[in-house]
Each structure stands twice: as C-alpha cells, then as structure tokens.
Amino acid sequence: MDNEDVNPLDTFRQFFALQGDVLVLSVAMFAFSLGFQMTGRYMPRYMSVLGAGSVAIGLYGSFGNLISAVYPYPGGALSDRIGSRVALTLFGLASTLGFGVWLFAPAFGFLTLPPLDLGALSVEAVTLPVGIFLGLVLSQAWKSFGLGATFAIVKQSVPPDRLASGFASTETFRRTAFLLGPLLAAGLLATATFEVGFRYVLLVAAGFGLVATALQHWLYDAAEDSLGKSFAGFSAVVDDVRAMPDPLRPLLVADTLVRFANGMVYTFFVIVVVEFLAVGATLPVVGGLNPDAYFGVLLAIEMAVALLVMAPVAVLARRVGLKPVVALGFAVYAVFPALLVSAPPNALVLALLFAFSGLRFAGLPAHKALIVGPAEENAGGRVVGTYYLLRNVVVIPSAALGGWLYSQSPEVAFGVATVVGVVGTGYFLVFGEEFEAYA
C-alpha cells in the first residue's frame, strides 16, 4: 500500500486483514466501546438528574480514573491464573452487569459524606448515588484487558516504520463505535424524557455487552496468546519505571499535564452543553432535538472529524515527524475547555467547536507510536503499562479537583484546566524528542 494513498477505507482493509483471533478480540472491543460511549459520556447528566452535585460528579470522575489506573495489574494477574479466554468472559459479564446496576441505580440508595473544612478548601456535604459507583466498578472490568491487547496487536502486526499507520488502522475501527454510540444514544434520548430515554440506552448497552461476551467466549482461541502472562508483582513496576526509555520521559510529563487538565473538566462537558448552555437544535429530516439528544450529535460530529483526519495525519507524520502531530493533539486538548465554556448558546457554534475538538484525536496514532516505538523488542507491553500506570495515577484526583472548582464557578474550572493544558503542550514543544522512525 502506497503511503501517499492512505484513507479511512484503507485502514479498515488493513484492520480486517489481521489474524482471526485478533479480529474477534477487536470486534468485542468495538461492541463494548458502543456500550461505553452510549452510557459513559451521559453518566454525569444521569447523576445530576438523580440529585448529585458537581463535587459528587467530580468524585465519580476521579473514581473512574482510579479504576483505570489499578485495574490492569490485577486483571493481568487473574488472566495468568484462569487463562485469557475465561478472564475475558468474566470481564465481559461484569461489564454487562455494570450496565444493569446503572439501570437500577436509584434502588441502591445514596451515601452522604460529611462536610469538609480545611480553611481555603471547604466542601459542603456530598450526596453520592451508590449504584452509580458500584456500576462503574463492574462496567470498567473489560477495559482492564483492552488497552494492553490493542498495543500488543499493533506491535506484533506491523513493522516499526509503520507503527503510526498501524495505530491509525485500529483506532479508526475502534472509534467508529465512538461515532455510532452517541448517535444511538441521541436517537433514544430524543424519544422521551432523559430519565426514560437513558434507561433505554442502558438496556441497549447491556445487550451489546452480552453479544460481545458471547462472541469472544465462543470464537476467541487464546491457546497461543501471551497477553497477561508477564505480570511479576508490583516490585516489577519500580524496575520498569527505571528502565523506561529516555525519550518517553518528557512525553510522559507533558501528556500527564494535558490529561490532568482534560480530566478536570471532561465529565462536565455534558453538563455545560445540556444545563449551563442548554442548547438544543433543529436538524433537517430529524427535526427538533432536546439538549440531551443534541449532545450525542455533537459527540458524533467530534468523532466523525477524528475518523476523517487520523489516517491522513498518520501519513503526514511520516513527512514532518511525530512531534508536531502529537503537539497538535495536545494543543486542541488544552484550548477546548476555555472555548466551550465561553461559547454562546448557539447550536452551530457548538457543532463547530466539537468538530475542532475532533482534531485532538489526529495525534493519537502518532502518540501511541511514540510510546511503544522506542521500547525494546518484546518489552512493548511493559513500557506501555508503566507509562499509562504513571500517567493514570497522577491524573486520578483531576476530576475531583475540577468538581470542586466547578462548584465555585464553571468558568474558573474550565479556565484553570486550559492553563494547565497549555503548560503541558508548551513543555512538550520545548523538551519533547522526535522519532521519525516510528511514523
């Protein structure tokens, strides 16, 4: 395939050329991504409808960050013990059950945390919907296996000088679910009130989870699969940190700052659009959409732009190098919060803003190539695991901080997030290294 002729359809052809077991795992990833995207981006809105405030929503976001940080290691250990195929089935069933717990979240009651007064930091009593947090514990189980699998698939399937293009292929396939999921949610939410419509969304997500679990259980053969077999205990983490390739260190610092900034406000994007700006839309053929449904359309616009630009930008990376492409993604991450919170309540303006936000995904394949590319042969999994463990641990409190700032003022929360993101982007531009060999 000629480098100059890559397009989104090429990435699908590359993806479906992968070996059968890899394809089965990836189809399951696609189905679960549909469920996650239909539900996850609306969960803060669901919490708000149930009576949770911004601090509770922020704590939910940080709890999700905590799970993302700690799940992969016990997930790998469990896979070692019972085998990849059984582990995948259990993870899939747990995630499906999590969607069900969310469906009946009000029945689990609420937990009230006492007020906190630490001088400058004062937080009133916080009411937490127990079912939302319990559902999150279960629903995120399958993801504990997905990240490492994605990196290993690409690392094993493409030559080093095509890593960015390889990641563009898998990302295009996976993120098609990110496009379809919000559209399905928007269609369901347009038919009823949010409380009723979101219950339909959760039912459909659970259905996707069941189908994906069944497919991977019956079709996936993990007999020769090495994923999850290198877990050697938490003491190995320190050694892996010390052995991390030098080029990754400035990338890790910058990425952590940018992700911390995004984590402060990410859970509040739906709240800003639906409650703060309260923007709906009237679309051709579809007709009038309430703000909840229109938010799903905005997410679809964002992902449509991402799907269109990821493959061409991966080709561009071969011309200009990985660093400028990664910096572009960081910059979009950084400035989007300030643009969103200061936007007028206009449907077209929001559509343009979310289209702009889609450009942040343009640098994602190059970013992943820069992470795994410098790793030694057969050490890519450890490098990726260490990188994401460090980043995710630091980012854990970001949403809680953002929730507290949002309770003071949405503009303050989104403004602080933008400043932190700009600092991270600037750090990468100054100190980040270039590796054209992995473009």
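The values are calculated or read from the model by the stated rules, or taken from the named source; none is laboratory data. Bear in mind the structure is a predicted one, so any value in this text is a computation, not a measurement. Don't worry about glycine lacking a Cβ; one is built from the backbone with ideal geometry, like all the others, and counts go over all protein chains shown. The accessibility values were calculated without ligands, DNA or RNA, using every heavy atom of the protein model including side chains. Shrake-Rupley method; radii C 1.70, N 1.55, O 1.52, S 1.80 Å.
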Practice item. Give the ranking of Lys368, Lys323, Lys143 by solvent-accessible surface, highest area first, calculated with a 1.4 Å probe. Key: Lys143, Lys323, Lys368
Check your understanding: Taking a probe of 1.4 Å, how large is the accessible area per residue of the stretch 310-358, in Å²?
Key -> 36
Check your understanding: Is the shape of the stretch 245-349 rounded, prolate or oblate, going by the alpha carbon gyration tensor and its root eigenvalues a ≥ b ≥ c, with a/c under 1.5 for rounded and a/b larger than b/c for prolate?
Key -> oblate
Review point. If you take the beta carbon distance between Phe108 and Phe431 as r and set R0 to 30 Å, what does 1/(1 + (r/R0)^6) give as a FRET efficiency, to the nearest 0.05?
Key: 0.05
Study note, to complete from the structure: So the carbon and sulfur contribution to the accessible area of the stretch 258-415, 1.4 Å probe, in percent, is 67
